[in-house]
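Asker: What follows is a single structure, and I will ask about it in a moment.
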Amino acid sequence: VIAELSLGFWVGLFANNYHSTLWIGRLESLFPNYSGTRKELHADLEILRKLRNRIAHHESIYTRNLTRDFGILCSVIGFMDKDVSDLVRSHSRVEAIIVGKDDEVSGTSKLSF
């Protein structure tokens, strides 16, 4: 059952509706490296959910601030485990592709997959 739940469901759990029933005193155990508010975390998760939906539905993402999106992704991962966040950053090609985004969009990039 858990595997069938959508990303929207999980992000929705961070909304105001569940603040007092789920998150007071518990946010720190799930995100030990996080010092912000649940509301700020929900906003970051909502940005990632929208990015994921655009990608999943084959919509364009080249006009988004992808550097910010990738930074939020790595930050959220780091809130749970800094080592995993570092691993993602060190093995990801996202930043290199973002730098050459115009070449990617025009099809003249020298990067290969």
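The values are calculated or read from the model by the stated rules, or taken from the named source; none is laboratory data. This structure is a prediction, so every number in the text was calculated from the model and none was measured. Reconstructed Cβ throughout: ideal geometry from the backbone, glycine too, with neighbour counts over all protein chains shown. Each accessible area value is taken on the protein alone, full model and side chains, heavy atoms only, with ligands, DNA and RNA left out. Shrake-Rupley method; radii C 1.70, N 1.55, O 1.52, S 1.80 Å.
Asker: Hey, what angle do you get for helix 82-91 against the long axis of the chain, alpha-carbon based, 0 to 90 degrees rounded to 10?
Answerer: That works out to roughly 10 degrees.
Asker: Classify region 1-97: rounded, prolate or oblate, from the alpha-carbon gyration tensor (a ≥ b ≥ c, eigenvalue square roots; a/c under 1.5 rounded; otherwise prolate if a/b is larger than b/c)? Can you show the working numbers first?
Answerer: Numbers: a/c = 1.95, a/b = 1.33, b/c = 1.46.
In terms of gyration-tensor shape, oblate.
Asker: Return one number: the angle in degrees, 0 to 90 and rounded to the nearest 10, between the long axis of the Cα atoms of helix 66-80 and the longest principal axis of the Cα atoms of the chain.
Answerer: So the helix axis and the longest Cα principal axis differ by about 40 degrees.
Asker: Taking every pair of Cα atoms in region 14-56, average 1/r, invert it to obtain the Kirkwood radius, and report Rg/Rh to two decimals. Walk me through the numbers on the way to the answer.
Answerer: Values: Rg = 11.7 Å, Rh = 11.3 Å.
Ratio of gyration radius to Kirkwood radius for region 14-56: 1.04.
Asker: Filter the GluC sites (Glu not before Pro) in region 3-72 to those in DSSP coil with at most 13 other Cβ atoms within 10 Å of their Cβ, and list the result.
Answerer: Numbers: sites: GLU4, GLU28, GLU40, GLU46, GLU59; in loops: GLU59.
Sparse-neighbourhood loop GluC sites (Glu not before Pro): GLU59.
Asker: Relative to the longest principal axis of the C-alpha atoms of the chain, give the angle of the C-alpha long axis of helix 38-56, reported between 0 and 90° and rounded to the nearest 10°.
Answerer: 40 degrees
Asker: May I pose another question? Of the accessible area of the chain, with the probe set at 1.4 angstrom, what percent is carbon plus sulfur? Show your work: numbers first, answer last.
Answerer: Numbers: 4540 of 7900 Å².
Exposed carbon and sulfur together represent 57 percent of the surface.
Asker: Let me ask another. So which trypsin sites (Lys or Arg not before Pro) in region 1-74 pass both tests, a DSSP loop state and at most 15 other Cβ atoms within 10 Å of the Cβ?
Answerer: Loop-located and lightly packed - ARG26, ARG64.
Asker: Moving on. Considering only protein heavy atoms, what per residue accessible area in square angstrom results for the chain with a 1.4 angstrom probe?
Answerer: Values: 7900 Å² over 113 residues.
Heavy-atom accessible area per residue stands at 70 Å².
Asker: Then there is this: Would you be so kind as to identify which of ILE77, HIS42, THR67 lies farthest towards the positive end of the dipole of the chain, taking Lys and Arg as +1 and Asp and Glu as -1 on Cβ and the Cα centre as origin?
Answerer: HIS42
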